[in-house]
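Notes for the one structure printed next.
The values are calculated or read from the model by the stated rules, or taken from the named source; none is laboratory data. Quick caveat: nothing in here was measured; it's all calculated off a predicted structure. Don't worry about glycine lacking a Cβ; one is built from the backbone with ideal geometry, like all the others, and counts go over all protein chains shown. Ligands, DNA and RNA are stripped out before the accessible areas are found, and what is left, the full protein with its side chains, is counted by its heavy atoms. Shrake-Rupley method; radii C 1.70, N 1.55, O 1.52, S 1.80 Å.
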Amino acid sequence: MDKNLVQRIFGGFLYGFLVIFCTTPLGSQLLDKISPNLVTQQDLFYGLITFFLFVGAWECMKMMKFDPKSWEKWAVFPLIILVFYRFSKRFFQHGFFFDFNLSEILALSLIVIAVITLFKFSKELYYDNGKLIFTVIYTALPFGFTLGLPKFSAVDNTFTLEVFFLFILIWSSDTFAYFTGKFFGKHKMAPKISPKKTWEGFAGGVILTLILGFFVEKYFPELRGNWMVVGVLVAVFGPLGDLVESQLKRTFGVKDSGNIIPGHGGILDRLDSFIICAPVVYLYFILEKFI
């Protein structure tokens, strides 16, 4: 068997198991058999997202190639810790109320501005202050909003599966779009940024992820929102997340964000769609309360 294929299978299995272990009650149930009440599911989830944040931020810094002597390089992690700490307090204090407030509107707007800057004004990211701002926005804010997606109760020992199913929809959307594009793709979506993406693949991803969202909605009614809507959002914004990271790598002339996952590259290579989808779904959960 091809060595690269073995690496991809092993890396994919390890990554998938880690996500499932930390985003579903499976993790705490398995650990309870070793030592009861050793760790709660919300702690495992928080640990996973924190791990993704710090590795992703490190990869983003490496890709953007900060000047080794610049103060901005040393300011990245203190700022990320400060921003993520604010979200962390809300997570452990159950402070995500899904209503509009100035800080959330500003944070969501900054993500949009960062994406526009990357595509339209990428020269601004050649300066270390631009790299600093982009790294903090691109990593700390999406992963911070991710903390607000699940609900949990220490009293009832419950932890809801919004983030788990968000990953499932993203993986499924990527798979559906890949095979649809492979067999039917003719019209390139963004040939200069991601040559393999086609509009036919995109359409296939939307349709089939919508169908999967229907089954999630039908069999897991306790989840926030309508998961047919979430499926469409994932199918639409997932490819955008992939294009954002592709554009980032293209701008700074790198192939992969890292090599932490054997055969798959870095954390940002695996989470590019998730980084955009998580705040979009968070925004949908806010709007859904007003519908």
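Compute the length gained on full extension between W71 and E288: take 0.36 nm times their separation in residues and subtract their Cα-Cα distance, giving the result in nm to one decimal.
Working: separation 217, 0.36 × 217 = 78.12 nm, distance 4.21 nm.
Length gained, W71 through E288: 73.9 nm.
Here the spin labels are modelled as points 7 Å beyond Cα on the Cα-Cβ line, and at T158 and V112 they lie 3.4 nm apart. Label-to-label distance, N226 versus K182, with points set 7 angstrom from Cα along the beta-carbon direction: 3.3 nm. Nonpolar atom fraction for the range 153-291, defined as the carbon and sulfur part of the 1.4 Å probe accessible area, stands at 65 percent. Once the 1.4 Å probe is applied to the protein heavy atoms, the chain comes out at 52 Å² accessible per residue.
Karplus-based coupling profile of the range 153-166, in residue order and whole Hz: 9, 5, 5, 8, 6, 10, 8, 7, 10, 4, 5, 4, 6, 5, with θ = phi - 60° in 6.51 cos²θ - 1.76 cosθ + 1.60 and x standing for Gly or Pro. For the pair R86/I34, report the inter-label distance in nm, with labels modelled 7 Å from Cα in the Cβ direction. Each label point is offset 7 Å from its Cα along the Cβ direction, giving 3.6 nm. Specify whether the C-alpha gyration tensor of the range 155-205 places it in the rounded, prolate or oblate class, a ≥ b ≥ c being the square roots of the eigenvalues: rounded for a/c under 1.5, otherwise prolate if a/b is larger than b/c and oblate if not. It is prolate, given that a/c is not under 1.5 and a/b is the larger ratio.
Using alpha carbons only, how many angstrom separate the centre of the range 56-91 from the centre of the range 166-217? Each part's Cα centre sits 32 Å from the other's. Within the range 52-100, the trypsin sites (Lys or Arg not before Pro) that combine a DSSP coil assignment with at most 15 other C-beta atoms in a 10 angstrom radius are K65, K69.
Of the whole protein surface, T158 contributes about 70 Å² of accessible area at a 1.4 Å probe radius. Here the accessible area of the range 1-143 is 69 percent carbon and sulfur, with a 1.4 angstrom probe and all protein chains present.
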